[in-house]
Structures are given as C-alpha cells and as structure tokens.
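Participant: Right, I'll just put the structure down here and ask away after.
The values are calculated or read from the model by the stated rules, or taken from the named source; none is laboratory data. Model, not experiment: these values are computed from the prediction. Positions of Cβ are backbone-derived with ideal geometry, glycine not excepted, and every protein chain shown enters the neighbour counts. Note: accessible area is taken over every heavy atom of the protein model, side chains too, but ligands, DNA and RNA are not part of it. Shrake-Rupley method; radii C 1.70, N 1.55, O 1.52, S 1.80 Å.
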Amino acid sequence: MRNTRTILRSIFLLAAGTLMALPAHASQLVLGSLEEPPNLSALTDLPHHFPEHVPQTLLFDSLTQFMPDGTVLPKLAARWEVSKDGRVYTFTLVPNAKFHDGTPVTAEDVKFTFDAAKDPATKSSDEGLETVEKVEVLNPRTVRVTLSKLTPQFLAEGGARGIVPKHVLAGKDLATDPFNLKPVGSGPYRLVSFTPGQAIVFAAVPDFYRGAPKIERIVFKILPDQNVILTQLRAGEIQYALLQPRDLPVVEHTAGLRVVESPTPRFYDLTLNYQRPYWQDRRVREAILRGIDREAIVQKVLLGHGQVIAANATPASWAFSKDVPTYPTDPDRAQQLLNEAGWRPGPDGIRMKNGVPLRFTVMLKNVDRTLEQVFVITQQRLKPLGVDLRIERVEPGVFPQRMRGGQFDALSRVWNPVYDPDQSNQLKTGNRYGGYSNPEVDALLARTLGTLDRAQRKQAYAALQRALSQDLARLYLFTENELHVVPAGLRGIQWHPVNIFWNLKDWTLDK
C-alpha cells in the first residue's frame, strides 16, 4: 500500500547512532510513521494496528496466519488437531523454523510465550490467549493447548501471537529486559538497529524457512508531524505512509507514488447511556439517527473514503450481512417520531417533555479530529429538529474511566473488531457501557461463540446485526478506509482487514 523504490546508489542509515552504508544493489523500503512502538517484543500485544504491527510482523512468526478472507492457515504450525469439544488444540510445528540466532523454534518456545503472556508479573498482554488454561510440550515439535472453554476466535487471535525464544528470555524480567528493544525473533526480517526517536532498521533473513524476502531492507522512520511525512514523501525520502483524506491532493500527483485504498473492519457509532430516560424510547433513537446525514459526513469529513453502516460489522468483515434494516436520513420522519414520543418545541426551539429539554452531550477523545468534525456537522443538522447536541472533549486517559463509569449521555469512538467479529465485551448484558439490555441479543451473542463452524457463526452474526439494527441499540454511523501511499513500482501488496504488511516478505520493487 505504500510506494517503494529500488535505491540504485549508496545511501546512509542511522544504525545504533552511527551512519551505516547500504550497498548500491540493495532494495529498500522506507516507511514513515508519527508514532514509535513502545517496544518491539511480541509479548507486548496482539498486532493489529499501525505502527505496532510493523515490527512484530517483520521480526516474529506465529503459529497461524490470519488471511484476508478471515480463514486461518498454517505458519509456524504445520498442522493442528482440535478435540471434539473444541477446547484442546494440538499443534505440530514445521521442522525448519529458526530464530535469528540460529536456534530452532520448538514447542518449548510456544509454551514459554503463552505462559509469559498469561503471567501478570511480566506486564505482557494476553490478548487472544485469555481462555488458555494449560500449555503442554509433548515433544520438541508438538505442543498441546487446552482452553477453559470453546473459543472460536482462538486460532485467529491466539494463533497470531508472535513466538519468543525461551533460551533468550527464561529467568529474566520480561518487563524490563533489553530484549524489548533488541529482540530475537523467527520472522522474515531481523533487527539491525533501533534508534529511539529516529528509526528502526530491519534486514531480510536469507534462509527464512518460508522463503527469503524479496526486499532486502526495511527502514521504519519516526517523524515529528504529518507535514514532515508529506514533505518526505514528495522528496522520495520515505516511500510509505498512512494518510488522512485531506492529505491525498499532496501526493496524488507526485511522480513515483500511488495510493492504495483499504476497507477496514473499524467503525464508528454513537453509544448511548440508557440510564438517560430519553434513550429508552426507541422513537427518539430513530429520530436522532434519521436526523444525522451520514452520507454527507462520509463525503465531507472522509471525502468519500468510507461507507455508511447499519450495524456493527463492515463490508471488510467476513461476518458482514446486507440483510439489516436501514434508516436513511429523513428530517420529516424524525420530526414525526419526536412528536409521537411527546417531545414538543419549547420557546427557544428546543423540544421539551415534562419540563426537560431534549439535550444531550456527546463525549469524544480530544485527539479525535475526525469525530470532532462529524459531531459539529451533526450538531448543525439536529438543531432545526429541536435537539440540542453538545460536544465534550476529554483526555484519552479520562475517556475509558468515564465510559466504564457510565458518566456520559452518549459517546463516540472507533471500534475495531479485527481478527474476529466478536463484540461480546461491548454488547452482552453486564459487559455493556450504558446499560443496554436485550435478551435476544444476549442469545445471539452466545450462538456466535458456541461453535467452531464458521458458516453457523456467520448466520448467527447476520441475525445479531439485524437485531441490533432493528432495536437501534446503538446509532451506527460509518466505517472509514485506510489510505496507504506506496511506490508506484511496488508489487505483491494484498488487501488485509487487519495488517496490510501481512505478506511484506513477498513484496517486490521494480528496478
């Protein structure tokens, strides 16, 4: 998705604080980012967003590969068997995978990785491994993983966790060990250098067990702001960046670059606090949604690089269903619904009921400029309907506290169901933010997680989307596409709902 160039001359890179020459024949791709990964260990997180997933994808291999269509294929695991109750997975590893120091990858490394991720003392993330109950080494190439319950997303999520080397990390403080900045992995690239605040340099592993990468060197540059990214794209100093729609005119006509647009499973909604009496009336919920011109938002804010959604899945998800109720913008119908619900215009034009104005505040993170634009437009659209929408911008650290505590009228943020469409942590009674409760939704959520059969899960997800849209549990707004600028001569890049770099080892650059 970002353009890359073959460098036909010697260039210099920052390596461990010194300059290092790159041979004139080498191919190189330079990525630009505004963020710096906090550390490079695969124990940090399940890789699912830029920029953290770049070093993890390059440095570490995992048991399985989550594919663009949502299926799961072998990677470090050559094959696996699943018990009849769906709780026990027995993985057989490939015989020829090695860490970058030449040590073979074995079942001991898988057990060490999963155990470490589950241990709170390591300050690691157990994302994808939450239901792992026991990991047993049967022999050097065979590992058995027992789950506490049937977990259909385990292969996609838990299987995607990068495997770390036991022989390097055993007995060490994994939270503070230098490995976090100088890791040894088994992925297609090894670490050359990490200069904090400047660059991370990766070199291809020529004897990588799945085939040598085509691009010999990857440089991940950390840059101070978006203007610098755009300047360096135009100057050819970087060949990849993640853009906002407003950036496109700057690079669209730059020679040697092209833009790759990628639909994503990410979406935005208006999450309602059902402790507020007005949200308990479905007519009010529908009126507000019909008063929001979501198509205009996609065009004005995203410049057309997105899509209106009707439920909690986007077309990028394997679980997406078109068979759901939709609520096109209709101010007249919105007015009718509010009248039916007993909300009448007051002397200042704001609707009232029992002496209470139809007024609510939408809580946003103060760093989310996209949503700020969205709700300024929405504020203007709802005012003629007699609805007083106000906007509250809070610090990112405060936002989740307020959300969990129910200290909001409504909130909006991005939701990102990446490897699996499951959103039980948001929607199930007892887990929800805002107190929404629907027994039908609870039953459908249980169905989606009650089988390993994806066809059955897809049917359950389709029914879930219909139920959520029919009840207007949340006001679903839109999904936005990712915009990747890449070299015009980059070949082999393939769309992926989670990680555009998933097959980077197979990318090539025209000479």
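Participant: With axes computed from alpha carbons, what is the tilt in degrees of helix 454-471 against the longest principal axis of the chain, rounded to the nearest 10 within 0 to 90?
Facilitator: Once rounded, one gets 30 degrees.
Participant: Here's a follow-up. Rounded to the nearest 500 deg cm²/dmol, what is the calculated helix-only ellipticity per residue at 222 nm for the chain, with -39500 (n - 2.57) per DSSP H run of length n ≥ 4? Could the numbers behind the result be given before it?
Facilitator: On the way: 14 runs with 121 residues, N = 511.
Theoretical 222 nm ellipticity from helices: -6500 deg cm²/dmol.
Participant: Could I have the simple spin-label model distance between ARG276 and VAL88, label points 7 Å from Cα toward Cβ, reported in nm to one decimal?
Facilitator: For ARG276 paired with VAL88, the spin-label model returns 5.2 nm.
Participant: Compute, for LYS300, the solvent-accessible surface of its heavy atoms (probe 1.4 Å) with the complete set of protein chains present, and express it in square angstrom to the nearest 10.
Facilitator: Looks like 140 Å² after rounding.
Participant: Here's a follow-up. State the answer as a single residue: which of VAL143, THR131, GLY158 lies farthest towards the positive end of the charge dipole of the range 127-166, with beta carbon charges of +1 for Lys and Arg and -1 for Asp and Glu, about the Cα centre.
Facilitator: The one lying farthest along the dipole's positive direction is VAL143.
Participant: Once the Cα gyration tensor of the chain is found, what semi-axes does its equivalent ellipsoid get, as square roots of 5 times the eigenvalues, in whole Å, sorted largest first? List each step's numbers first, then the result.
Facilitator: Working: eigenvalues 367, 172, 73 Å².
Result for the chain: semi-axes of 43, 29, 19 Å.
Participant: Turning to a different aspect of this structure: Under unit Cβ charges (Lys, Arg +1; Asp, Glu -1), what dipole magnitude, rounded to 20 debye, does the range 170-288 have relative to its Cα centre? Provide the component values of the computation, followed by the final result.
Facilitator: Details: 15 positive and 12 negative charges, 39 e Å.
Here the size comes out at about 180 debye.
Participant: If you don't mind, another one. When the accessible area of the range 46-190 is computed with all protein chains present and a 1.4 Å probe, what percentage of it is carbon and sulfur? Please list the in-between numbers first.
Facilitator: Values: 3060 of 5820 Å².
Accessible surface attributable to carbon and sulfur in the range 46-190 totals 53 percent.
Participant: Which of LYS172/LYS221; LYS98/LYS365; LYS98/LYS118; LYS214/LYS365; LYS134/LYS428 have a Cα-Cα distance over 32 Å? Please list the in-between numbers first.
Facilitator: Numbers: LYS172/LYS221 30 Å; LYS98/LYS365 43 Å; LYS98/LYS118 24 Å; LYS214/LYS365 41 Å; LYS134/LYS428 27 Å.
Too far apart for the 32 Å limit: LYS98/LYS365; LYS214/LYS365.
Participant: What dipole magnitude, in Debye to the nearest 20, does the chain give about its Cα centre under +1 on Lys/Arg Cβ and -1 on Asp/Glu Cβ?
Facilitator: Numbers: 61 positive and 54 negative charges, 80 e Å.
Its charge dipole is roughly 380 debye.
Participant: Here's a follow-up. With the dipole of the chain worked out from charges on the C-beta (+1 for Lys and Arg, -1 for Asp and Glu) around the Cα centre, which of LEU248, THR264, PRO384 lies farthest toward the positive end?
Facilitator: Of the listed residues, the answer is PRO384.
Participant: Assuming R0 = 45 Å, can you tell me the calculated FRET efficiency for the pair VAL168 and GLU295, based on Cβ-Cβ distance, to the nearest 0.05? Before the final figure, lay out each step's value.
Facilitator: Working: r = 53 Å, r/R0 = 1.18.
Using R0 = 45 Å, I get an efficiency of 0.25.
Participant: To the nearest 0.05, what FRET efficiency results for ASP330 and VAL376 with a Förster distance of 25 Å applied to their C-beta separation?
Facilitator: Numbers: r = 21 Å, r/R0 = 0.86.
Result of the calculation: an efficiency of 0.70.
Participant: LYS149: net charge of surrounding residues, Cβ under 14 Å, Lys/Arg +1, Asp/Glu -1, itself excluded? Write down the numbers at each step before the final one.
Facilitator: Details: positive: ARG87, LYS134; negative: ASP85, GLU130, GLU133, ASP422.
Every neighbour counted, the sum reads -2.
Participant: Counting only Cα, what are the radius of gyration and maximum Cα-Cα distance Dmax of the range 306-370, in Å?
Facilitator: So, for the range 306-370, Rg and Dmax equal 17.1, 50 Å respectively.
Participant: Please work out the average accessible area per residue across the chain, using the 1.4 Å probe convention, and give it in Å².
Facilitator: 41 Å²
Participant: Under a point spin-label approximation (7 Å from Cα along Cα-to-Cβ), what is the LYS118-ASN339 distance to one decimal in nm?
Facilitator: With each label point 7 Å from Cα toward Cβ, the separation is 6.2 nm.
Participant: Bin by bin, in steps of 10 Å, what percent of the Cα pairs in the range 204-363 do you find, going until the bin that has the longest distance?
Facilitator: Histogramming the range 204-363 at 10 Å steps yields 8, 23, 23, 20, 14, 8, 3, 0 percent.
Participant: So if R0 is 41 Å, what FRET efficiency would MET67 and ASN366 give, r being the distance between their Cβ atoms, rounded to the nearest 0.05? List each step's numbers first, then the result.
Facilitator: On the way: r = 37 Å, r/R0 = 0.90.
With a Förster radius of 41 Å, E is 0.65.
Participant: Mind checking which aspartates and glutamates have their C-alpha under 20 Å from LYS123, skipping anything on the same chain fewer than 8 residues away?
Facilitator: Counting by Cα, and skipping residues close in sequence, LYS123 has these aspartates and glutamates nearby: GLU36, ASP45, GLU52, ASP109, ASP115, GLU133, GLU157, ASP173, ASP177.
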